[in-house]
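In what follows, a structure is listed as structure tokens, so that the remarks can point back to it.
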Amino acid sequence: MDSFMHASIHSLLGRTRQMTQTNNLISKVSFGAVALALAASAQAGVVVGWNFDNAAPGQAGGIAASTAAAGVSNANFSTANAGVWNWGAPYGNVVGTQFFGSNSNTLSLSFTLANSLNDLTLSFTHYHNHNFGNTRPSYKYAVQINSGSGWTDLAADLTASSATTSATEHITLSSGLAAGSYSMRWIGYGFGAGGRDTNSDFFALNDVGLSQRNQVPEPASLALVGLALAGMTLARRRKQA
């Protein structure tokens, strides 16, 4: 009798340990799946972007996007002159132009969207040097968009000065973008001494990106989260039983 009870207790303890290990494994896997799914959805905001790290030195046209989401095609960046060069640490590669003005020597990008997108933000970091003349102490620039019917301002009267160089701008596209092809460009104006452009001074950009805010997790991510939560619930119930 004692031997039978001892064997039964030993068997019960073994099953309990095995169940506890299984529950712990389910919990760990479930928590990992939740974290993975949420991280994937949180990182899914970039629509198209350029960091110019892989562009050739001096390249001025046909600079392919560093990142492009599904449904984005024909993504290119161009500048009239100067092209890509290293601005120095810690900034790295930038793309720029001299004689930056309102009608010529502008920087521009283009892309095609297969589907409409809302809650969009255009971000970029801008750089400029200011020698004595047209660009000191500051001048203005604007960002414009064209969907085939002419240029309109996304943002205007932005300041280019020594104090704002290497600053990052975030411009909200309040109306979103329908499916189609688009161009965006940067233009300069408001130069000193009646100048029409920056002359030999540079205007440059880096980390140019269009992103989508308030991302909703994809159905696959939602299903993964649901499966993980179900596993966690099952593990708790088994532990309590």
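Beyond 27 Å, what percent of the Cα pairs of segment 46-212 remain?
20 percent
What is the fewest-to-most order of Leu210, Leu205 by other Cβ atoms lying within 10 Å of their Cβ?
Exposure proxy ranking, most exposed first: Leu205, Leu210.
Rank the residues Trp186, Trp87 as a footprinting-exposure proxy: fewest other Cβ atoms within 10 Å of their Cβ go first.
Ranked by crowding around the Cβ, least crowded first: Trp87, Trp186.
Output the relative contact order of segment 46-212, whole-number percent, from Cα pairs under 8 angstrom with separation of 6+ residues.
31 percent
Order by neighbour count: Thr165, Thr159, Thr106, fewest other Cβ atoms within 10 Å first, most last.
Sorted ascending by nearby Cβ count, the order is Thr159, Thr165, Thr106.
All of the numbers you see were taken from the coordinates with simple rules; none came from a lab. None of the values given here were measured: they were computed from a predicted structure. Positions of Cβ are generated from backbone atoms using ideal geometry, with glycine treated the same way; all protein chains shown enter the neighbour counts.
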